[in-house]
């Protein structure tokens with residue numbers, strides 16, 4: 001074989017150092033890599049700073065940043081010093097080298113191996129533990145700010161007589177310090193023991209003493225410090241009993257002391273504290289008494305005491321004192337929990353009144369008139385009609401409405417009316433041609449508000465729009481219609497530069513604009529462009545010619561994102577809603593302050609409590625990532641986000657909330673006073689849904705005020721499942737203008753129902769005055785049905801609807817062909833001692849892509865009606881007509897407008913066929929012949945398709961006028977046709 005090292009059989013291959021050119025290249029690549037990493041880190045920091053500065057909340061960024069940096073360095077340094085000092089001390093206390101045992105001889109090579117690197121090794125270990133500890137401490141910035149800025153609650157806990165602020169603000173910080181101390185001592189003990197072992201201070205197998213006196217003293221002091229910290233932990237555990245959660249009487253998160261806590265655990269913790277102090281002193285005494293005997297005995301005594309006093313004794317008390325007479329023993333502590341829980345969740349002012357559940361009035365005509373006065377019954381369900389808005393008012397595919405619309409109030413002729421409202425937001429999925437320019441420069445915003453009356457529909461079951469078309473026009477007057485910030489706007493846009501943006505298109509072509517809102521960050525600066533190119537991983541931002549003077553980048557564009565960013569100490573409601581305030585569209589966002597440190601108040605998990613059938617179907621409506629437990633909540637802040645500029649404003653709503661006052665001290669000048677809320681904005685503020693859902697969940701148990709009833713469990717309620725679907729999720733609360741017993745006029749309210757635990761009949765009806773700015777705002781009223789009376793609950797009412805033969809047959813007909821039946825919100829209205837249930841029924845089918853209101857279900861006092869209109873259903877249920885009877889069907893259903901005409905005979909023939917099909921459909925609708933109606937709708941769609949094709953051919957042949965999408969203008973529709981325009985998507 002050839003000699004690989006060179007020789008007579010082949011040349012020698014020399015392996016030397018890399019050439020100078022190679023070393024230079026490697027160094028250059030290394031420097032570039034480091035610079036790239038550094039610039040990436042800088043880009044993240046710089047873009048965050050620019051964003052906060054753009055929204056005028058730079059103080060939030062700097063306060064949070066400096067707090068995190070301060071905690072990182074202080075606690076990182078403390079941990080590094082603690083561990084490093086003990087390693088250094090253990091090394092300094094090492095015994096002199098002498099005749100070594102075999103064990104020490106084996107360790108000698110390790111000592112010699114690390115000897116040249118001792119300083120670097122010490123530095124590396126201390127730096128590592130310091131970095132870890134500092135990063136952990138930086139995450140406690142909220143705890144630090146709450147402790148240092150804490151404001152008293154002005155209320156004392158019933159056990160220790162300390163202000164609630166101690167438990168909410170102070171105790172969490174003390175617990176963090178204690179945990180940090182434990183970690184520092186444990187790491188120091190481990191590091192010191194290893195060092196002592198390495199240098200002979202500790203011996204495991206050698207004959208004679210196992211530890212030198214120096215090692216014994218050093219480790220004893222460290223263990224003594226650990227035991228001292230344990231003593232502090234026992235002392236803090238005493239106060240922790242006031243905020244300790246446990247399962248008790250079917251309450252998963254009962255919080256506070258019970259009898260066994262106050263009479264066994266509390267004295268046990270005090271005794272253990274004393275024992276731990278004595279044990280710590282014994283460990284410290286080893287500095288003078290070089291023996292472990294007494295400290296070990298003391299430590300064993302402490303462990304034994306923890307088992308006997310801290311575990312066995314409370315179990316004995318619970319078994320032999322509490323269980324034989326639990327009602328009497330626990331009653332005083334239950335009363336404290338009831339009082340604290342009701343206060344912490346703002347339900348202490350709840351008014352619970354008995355309600356018969358059945359009407360005793362014989363005069364049905366009077367009841368019929370009372371039904372009109374009791375509520376403005378909303379038959380337009382905002383959670384169903386979004387596809388209808390989409391089909392009739394989308395106008396262009398690059399617009400879309402949210403899955404769930406919102407309910408608001410708008411004045412008309414001096415009277416407020418419930419209104420279903422949605423914004424025509426940007427829908428990138430509908431862009432005709434997707435590319436980087438179109439996605440981020442051309443299609444940048446939505447356009448216009450669409451609103452409809454909540455209590456009316458047109459003759460075809462469609463919404464009665466009060467604001468519609470493109471541009472939007474109607475009752476809302478003049479306002480800035482462009483929507484750059486919205487719930488569906490989740491990508492960045494670059495606006496205001498050389499590239500024009502599309503507003504909308506009509507028959508005359510595209511309407512364009514250039515953003516003048518002043519929001520976003522200026523990209524004229526090359527450093528900013530480079531930073532955003534890196535942050536968004538989009539190099540085209542750096543060199544694109546579409547970016548120039550005036551270009552601004554908009555991102556973090558959903559209302560919830562923006563409020564969460566400027567106020568990271570707030571919990572955000574799951575449903576932001578739009579309102580036209582003055583001449584701008586404003587997103588209104590409810591925000592909460594919370595804590596889990598309110599003594600005796602039971603905890604709840606926000607993510608679970610606020611879930612219902614709507615959040616299950618639409619993740620955007622959930623309180624995202626709020627699985628943390630709280631036992632205090634206030635709707636302390638109302639926030640707004642301008643849909644055009646993105647400006648965020650925070651307004652103090654709860655002026656008494658000490659948690660908000662604490663955060664306002666930590667972040668001064670970020671929250672504006674309540675007096676700054678304008679009258680126009682106040683008119684659209686409402687009671688938030690998530691707070692209401694939390695309160696209703698608590699009120700299933702905490703509507704009672706006496707301990708005996710609470711302990712018996714006889715009055716436990718539950719929130720019923722949504723009867724309109726089979727999801728098994730809780731029924732959502734509904735906004736409704738209604739009048740509760742005792743009220744003289746209707747009030748905008750948020751309502752829900754309760755059923756007994758494990759049963760379906762009705763227990764109670766709950767409503768809260770939801771109209772901000774009124775004296776009754778936030779007043780919770782519960783109408784409690786006597787347990788001796790059986791009143792149908794929502795599920796039973798729905799079953800009754802479905803089981804009645806006539807109704808079931810009508811539903812079957814509605815489902816004929818390819819039609820689908822969708823049940824709307826089942827509304828409940830108190831009326832003269834009874835309960836009126838109203839449910840709109842929608843039909844989607846027969847060629848239609850959207851639901852139309854076809855029937856209304858009504859029941860009261862055992863009488864049920866299923867009619868075409870609410871008026872007719874009420875008339876049938878009460879056997880009397882209202883004071884303002886509805887026009888007859890023939891006036892509602894038959895179109896009177898002449899059919900549209902066109903100059904093209906082929907198009908005209910198709911339109912005539914469409915008109916005939918439409919009239920045939922209306923005739924079938926009158927007869928409830930749904931099969932014929934479906935056929936007529938198919939004929940209508942076919943005729944309209946032929947008309948569109950004929951018009952398109954004529955347009956191409958004459959090179960006629962095109963609309964903004966490059967298509968022929970919209971085909972005329974037959975009079976009253978329920979089918980949307982050709983551009984409606």
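The values are calculated or read from the model by the stated rules, or taken from the named source; none is laboratory data. Since this is a predicted model, take the numbers as computed values, not measurements. Using ideal geometry, Cβ is built from the backbone for each residue, glycine included, and neighbour counts are taken over all protein chains shown.
See the values below:
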read-out	value
Options 549, 575: the member that is under 22 Å from residue 518 (Cβ atoms) and either within 21 Å of the chain's Cα centre (by Cα) or part of a loop (DSSP other than H, G, I, E, B) (or both)	549
Residue within the range 441-464 that is in contact (Cβ under 8 Å) with a residue 40 or more places away in the chain, closer than 25 Å to residue 581 by Cβ and in contact with a helix residue (DSSP H, G or I) (Cβ under 7 Å, 6 or more places away or on another chain) present	yes
Filter pass, residue 714 being outside any helix (DSSP H, G or I), outside the structural domain of residue 418 (by TED's automatic domain parsing) and out of contact with any strand residue (DSSP E or B) (no Cβ under 6 Å at 6 or more places or on another chain)	yes
Tally, over the range 371-417, of residues that are closer than 16 Å to residue 684 by Cα and either at pLDDT 90 or above or in a helix (DSSP H, G or I) (or both)	6
Some residue of the range 295-306 being assigned by TED's automatic domain parsing to the domain that holds residue 324, in a helix (DSSP H, G or I), buried (at least 20 other Cβ atoms within 10 Å of the Cβ) and within 40 Å of the chain's Cα centre (by Cα)	no
Meets criteria (more than 28 Å from residue 817 (Cα to Cα), touching a residue at least 12 places away in the same chain (Cβ under 8 Å) and assigned to a loop (DSSP other than H, G, I, E, B)) for residue 871	no
Tally of residues being in a helix (DSSP H, G or I) and buried (at least 20 other Cβ atoms within 10 Å of the Cβ) across the range 675-690	3
Top-ranked residue of the range 844-868 - restricted to ones that are assigned to a loop (DSSP other than H, G, I, E, B) and within 35 Å of the chain's Cα centre (by Cα), ranked as modelled with the highest pLDDT	851
Residues satisfying the stated conditions in the range 45-84, i.e. under 22 Å from residue 176 (Cβ atoms) and out of contact with any helix residue (DSSP H, G or I) (no Cβ under 8 Å at 6 or more places or on another chain)	65, 66, 70
The lone exception for residue 485 - which of (1) farther than 27 Å from residue 378 by Cα; (2) outside any loop (DSSP other than H, G, I, E, B); (3) within 28 Å of the chain's Cα centre (by Cα) it fails	(2)
Selection from the range 646-674 of residues that are part of a loop (DSSP other than H, G, I, E, B) and surrounded by 14 or more Cβ atoms within 10 Å (Cβ to Cβ)	646, 647, 653, 654, 657, 667, 670, 671
Filter result for residue 647 (within 21 Å of residue 770 (Cα to Cα) and in contact (Cβ under 8 Å) with a residue 24 or more places away in the chain)	no
Candidate set: the range 517-576, residues that are out of contact with any helix residue (DSSP H, G or I) (no Cβ under 8 Å at 6 or more places or on another chain) and under 30 Å from residue 687 (Cα atoms); chosen: the one surrounded by the fewest Cβ atoms within 10 Å (Cβ to Cβ)	561
Residue in the range 313-324 that is in the same structural domain as residue 870 (by TED's automatic domain parsing) and assigned to a helix (DSSP H, G or I) present	no
Helices (runs of 4 or more DSSP H) enclosed by the range 118-234 - at least 3 residues per element that are modelled with pLDDT of 95 or more, under 15 Å from residue 86 (Cα atoms) and out of contact with any helix residue (DSSP H, G or I) (no Cβ under 8 Å at 6 or more places or on another chain)	none
Residue check for residue 327: part of a helix (DSSP H, G or I), in contact (Cβ under 8 Å) with a residue 12 or more places away in the chain and loosely packed, with under 13 Cβ neighbours inside 10 Å	yes
Odd one out for residue 355, checked against (1) touching a residue at least 24 places away in the same chain (Cβ under 8 Å); (2) surrounded by fewer than 20 Cβ atoms within 10 Å (Cβ to Cβ); (3) out of contact with any helix residue (DSSP H, G or I) (no Cβ under 8 Å at 6 or more places or on another chain); (4) in the same structural domain as residue 850 (by TED's automatic domain parsing)	(2)
In the range 812-839, residue farthest from residue 789 (Cα to Cα) [restricted to those that are outside any loop (DSSP other than H, G, I, E, B) and out of contact with any helix residue (DSSP H, G or I) (no Cβ under 8 Å at 6 or more places or on another chain)]	820
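This table checks each residue for (1) assigned to a helix (DSSP H, G or I); (2) within 30 Å of residue 531 (Cβ to Cβ); (3) out of contact with any helix residue (DSSP H, G or I) (no Cβ under 7 Å at 6 or more places or on another chain); (4) modelled with pLDDT under 80.
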{"residue": "3", "(1), (2), (3), (4)": "no, no, yes, yes"}
{"residue": "13", "(1), (2), (3), (4)": "no, no, yes, yes"}
{"residue": "16", "(1), (2), (3), (4)": "no, no, yes, yes"}
{"residue": "21", "(1), (2), (3), (4)": "yes, no, yes, yes"}
{"residue": "24", "(1), (2), (3), (4)": "yes, yes, yes, no"}
{"residue": "29", "(1), (2), (3), (4)": "yes, yes, yes, no"}
{"residue": "34", "(1), (2), (3), (4)": "yes, yes, yes, no"}
{"residue": "38", "(1), (2), (3), (4)": "yes, yes, yes, no"}
{"residue": "41", "(1), (2), (3), (4)": "yes, yes, yes, no"}
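Yes/no per residue for (1) surrounded by 14 or more Cβ atoms within 10 Å (Cβ to Cβ); (2) without any contact (Cβ under 8 Å) to a residue 60 or more places away in the chain; (3) within 30 Å of residue 146 (Cβ to Cβ):
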site	(1), (2), (3)
32	no, yes, no
36	no, yes, no
50	yes, no, yes
57	yes, no, yes
65	yes, yes, yes
68	yes, no, yes
